[in-house]
1. In the list Pro211, Pro176, Pro225, which residue meets the criterion of being of a type outside the set (Asp, Glu), within 12 Å of the ligand (Cβ to nearest atom) and touching a residue at least 40 places away in the same chain (Cβ under 8 Å)?
2. Got at least one residue in the stretch 190-202 being modelled with pLDDT under 95 and touching an Asp or Glu at 6+ places or on another chain (Cβ under 9 Å)?
3. Checking the structure you have, find out if any residue of the stretch 198-205 is touching a residue at least 24 places away in the same chain (Cβ under 8 Å) and under 21 Å from Phe272 (Cβ atoms).
4. Given the structure, is Glu134 under 28 Å from Gly344 (Cβ atoms) and either in the same structural domain as Ser298 (by TED's automatic domain parsing) or surrounded by fewer than 16 Cβ atoms within 10 Å (Cβ to Cβ) (or both)?
5. For the stretch 243-287, give me the residue count where each residue is within 15 Å of the ligand (Cβ to nearest atom), touching a Cys at 6+ places or on another chain (Cβ under 8 Å) and in a strand (DSSP E or B).
6. Taking Asp86 as the residue in question, decide whether it is of a type in the set (D, E, K, R) and either closer than 30 Å to Tyr172 by Cα or surrounded by 10 or more Cβ atoms within 10 Å (Cβ to Cβ) (or both).
7. For the stretch 305-353, what are the residues that are within 16 Å of the ligand (Cβ to nearest atom) and closer than 13 Å to Pro110 by Cα?
8. Out of Gly310, Gly322, Gly344, which single residue is under 32 Å from the mean Cα position of the chain (by Cα) and touching a residue at least 24 places away in the same chain (Cβ under 8 Å)?
Amino acid sequence: MSTDTLDSIVDSARRAFAGARTPADLENAKAQFIGKSGRITELMKGLGALGVDEKKTRGAAINAAKQAIEAALAGRRQALADAELDAQLKAEALDVTLPGRLRDPGGLHPVSLTMERIERIFASMGFDVADGPEIETDWHSFTSLNNPPNHPARSMQDTFYVDIKGEDGIAYNLRPHTSPMQVRYAHAHIKKHAKTVQAGGTMPEIRVIAPGRTYRVDSDATHSPMFHQCEGLWLGENVSFKDLKVVFTDFCRTFFESDDLALRFRPSFFPFTEPSAEIDIQFQSGPLAGSWLEVCGSGQVHPAVVRNMGLDPEKYIGFAFGMGPDRLTMLRYGVNDLRLFFDGDVRFLRQFR
Ligand code: DAH
């Protein structure tokens, strides 16, 4: 066999390799030339029949052809691998010049902002912040607060009841106000300081606010079946209405960030306070200037309630108040429909972030 033939085998191997589009194609092409029964391999097998000298020159020529084919194979393997990597890089390309996608950070609900604000202000005046159950006993919601048995607040038109009876045989209610926290907190406070008192020390004053959810059978632009209240209680041996006035005036001015604010205590009635007052505020400037706005019920804690706390009304005196954080939020931000707070529309809520 001539060198021409060997050259032409090498040539056709190069063409076959160049024509291979995938690594699998390339391996098939390789088999035709240098595989077990490839053309070069067959030529090698034929060497055994030749004489020593011929074997030497012929062998060297075939080997040279084989090496040329192997080099072509390696070149094509590399080219296919490079092309594959290129394609992969292109497919997974990142355009680092694209603008980033902002992650919406979210924020607190406006009423939560108000609650936090209320807590911060009262905490700075030495008030504890307490939390209590939303499903209450009849005694805590009404009886302990000096409501007579036939008080209209107890009716099913006003208060939601749960289908489970308490130990007293009366159904549990969804608390219609945060006032039950007055007696609950007082009981906990007395227990907490029992050792001190037993040892002849004095019990510290009760100074607490209790913000939370409350429920009533009521629904319109200014009433929601679920709403918020914040109870306040300050009870001690020498706490008076004057202290309520100072504390509440201070609170309102801080809350609304305005010293240009007037307060009015308007006589009212609550079973659990005597005397009782509604607290109205009046802005002297701004969009709400002029009109009196009711923001809080209040009064001197009724002796019957002090007794239900387990304290002697001859010794302990103080005041309580209950305000509506929803309403405070509406006033602070100029929102005119309470229902907006509970619809969960992010277009509305986003504005308070
Ligand atoms: N609990 C009353 C209500 O829901 C609000 C209230 C009024 C609370 C006077 C008080 C208070 O603590 O002293 O309307």
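1. Pro176
2. yes
3. Yes, some residue in the stretch 198-205 is touching a residue at least 24 places away in the same chain (Cβ under 8 Å) and under 21 Å from Phe272 (Cβ atoms).
4. Against the criterion (under 28 Å from Gly344 (Cβ atoms) and either in the same structural domain as Ser298 (by TED's automatic domain parsing) or surrounded by fewer than 16 Cβ atoms within 10 Å (Cβ to Cβ) (or both)), Glu134 qualifies.
5. Looking only at that region, the number is 2.
6. yes
7. Pro325, Asp326, Arg327, Leu328, Leu338
8. Of Gly310, Gly322, Gly344, the one residue that is under 32 Å from the mean Cα position of the chain (by Cα) and touching a residue at least 24 places away in the same chain (Cβ under 8 Å) is Gly322.
The values are calculated or read from the model by the stated rules, or taken from the named source; none is laboratory data. Source: prediction; values computed, not measured. Positions of Cβ are generated from backbone atoms using ideal geometry, with glycine treated the same way; all protein chains shown enter the neighbour counts.
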